[in-house]
Amino acid sequence: MAMIDRNFTFATNGTVTANDLHNLIDSATIYQDLITGQQPITSVGTNYELLIADGTNPNAAPNAVTVYDLFEDALTAGTYTNANISAALTYGTATGTRLVSANATITTGTITTGVIPSLTAGTTTSTAATITSGTVTNLASTTGTIATLNSTTGTIATLNSTTGTITNLSTTLAGDFTISQGTGTLGTSGVTLGTYGGATSVPVLAIDAKGRITTASTSAIASGFTGFRNRIINGDMRIDQRNAGASQTFTAAAALAYSVDRFYGYCTGANATGARVAGTVPNEFAYRFTGAASVTAIGFGTRLEATNTIDLAGSTATLSVQLANSLLSTVTWTAFYATTADAFGTLASPTRTQIATGTFTVTSTLTTYNAQISIPSAATTGIEIVFTVGAQISGTWTIDNVQLEAGATATDFERRPIGTELALCQRYFEKTYDVDTAQATATNLGMAFVGSSAGAIYGLGGVQYVSNMRSIPAIRYWDGAGNENKCSYIINTSVSTSFVANTNLGSAPYNISTRGFLVGANVAVNSGSYIHYTANSEL
């Protein structure tokens, strides 16, 4: 082919035919130098025009198109290293004025307005990209780092990232947690920073459903009772010196009768029975009444010495108890104080003043209940706690872990060592029998020696109690065969250790005090006398 010869000339006023001109153009080759030799420009305005030919129709003339219109139509598959798009953007659908192919990657750029229903960024290495306005409905990233995520308006409905880091995130979340510049902060709970509780007080905490402490305070440990919070003795029914777990019959409308140590029972309408029974772990024992036809009421109570409760006067105390009833659903509690110190009167003629009363709604499952009691300033004379039920005509009523403590907060039941609890009980009732042997049992084990005799002259013997009694006690005694008001003896000259039972003392117990008593031995020649006894100074 021939190159266009710029030096070629036509004759002046010569004639060039159309055919000659077409032949000239068709036979010419336009070399690349014709284009590359042009002056380059550094920017293209949106109104600049390009000539674009239709590759499917070589005979068609080229058409002009502006740069703006070219990119307005679509961004297709490929990588755009610097795309600044200021108008509306729809990504993934063809409903907007711009369409970015699902296979396209924009590594650097600013999208000022856009709705992006699904954005996956798995290979981008860009360090700067900003969405200033818009909604990202679903943002998923399988790898990569979002160094800075700023969103002043809009919502990220779902953010899934299995690999990667958001190093700088600021947001206010619904609830009690905020994130500022990548640092999370819990909302305040209202509790003042500090230490609560110590040698003279215990912490009192309120905890919400999220496990946070919402209020904190302290409750003073009552002076003189550190380690002895529970003013009630034998509240877990472990000590039963009178019956050793045997069933006891309560006679209807009779005087109150003591059962397990420090507790009494009574009933009306018909006789009822009660006994200490095996408890459910962690409780070793419990006390249980069994109902009977025509029973109209059953009561179970304890009386507390003034010296052990005087400090509660004019304050709030908390009563706790575990209860279950297989027939009835209501248990009534009542608190009293004695009219005079430690004198509560009898069941028929009480000498006491009611402090407060209330009810617990119970089930057949042993459950802990508690109530707060405002103790009046006049209650310096001793306190009585009584639990009652109505017509227990069948079924059972179980009581356990009775506790009365200072303060308005119920704490766990206080379990004292068995030796300590027994010693506390023995201030009110003690015996010579083993602790698990009921009084009046036929046994020589544990009998007290009360003196010896020579001929018709009996010797005097003395008995000292295990513990100082609360008051001068009532004394009962038995011989080794279980005969009341009798003694047993052994002849001193005999090598035999056999006891002779059912004989009389030289004199019944006398000079009874809170420390012991005297007694006269049997008058048998050269004999030593022995008795079992109980000393009772219950309130």
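The values are calculated or read from the model by the stated rules, or taken from the named source; none is laboratory data. Predicted, not measured: the structure shown is a model, and the values here were computed from it. As a convention, Cβ positions derive from the backbone with ideal geometry for all residues, glycine included, and neighbour counts pool all protein chains shown.
A few points about this structure:
- In the range 527-539, of all residues being at pLDDT below 95 and in contact with a Gly (Cβ under 8 Å, 6 or more places away or on another chain), the one that is nearest to SER259 (Cα to Cα) corresponds to TYR530.
- For the range 482-498, filtering for residues that are exposed (fewer than 13 other Cβ atoms within 10 Å of the Cβ) and modelled with pLDDT of 90 or more leaves 2.
- Only one of PHE360, PHE344, PHE336, PHE413 that is touching a Pro at 6+ places or on another chain (Cβ under 7 Å), over 21 Å from GLY269 (Cβ atoms) and buried (at least 17 other Cβ atoms within 10 Å of the Cβ): PHE344
- In the condition set (1) of a type outside the set (Asp, Glu); (2) over 15 Å from ILE232 (Cα atoms); (3) in contact with a Ser or Thr (Cβ under 6 Å, 6 or more places away or on another chain), ARG427 is compliant with all but (2).
Conditions (1) modelled with pLDDT under 95; (2) surrounded by fewer than 22 Cβ atoms within 10 Å (Cβ to Cβ), marked per residue:
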| residue | (1), (2) |
| --- | --- |
| ILE221 | yes, yes |
| ASN243 | no, yes |
| THR251 | no, yes |
| PHE263 | no, no |
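- Within the range 416-457, if we keep just the residues that are of a type in the set (Asp, Glu) and crowded, with 16+ Cβ neighbours inside 10 Å, the residue that is nearest to ALA324 (Cα to Cα) turns out to be GLU421.
- Complete set of residues in the range 418-459 that are outside any loop (DSSP other than H, G, I, E, B) and among the acidic types (Asp, Glu): GLU421, GLU430
- Flag for ASP479 being crowded, with 16+ Cβ neighbours inside 10 Å and either in contact (Cβ under 8 Å) with a residue 24 or more places away in the chain or assigned by TED's automatic domain parsing to the domain that holds ARG276 (or both): yes
- Within the range 499-533, considering residues that are crowded, with 23+ Cβ neighbours inside 10 Å and of a type outside the set (Gly, Ala, Ser), the one nearest to the chain's Cα centre (by Cα): HIS532
- Tabulated pairs, the range 176-204, first closer than 19 Å to ALA410 by Cα and of a type in the set (A, V, I, L, M, F, W, C), second part of a strand (DSSP E or B) and modelled with pLDDT of 80 or more, C-beta under 8 angstrom, 6+ apart or interchain: VAL202/THR218; VAL204/ALA216; VAL204/SER217; VAL204/THR218
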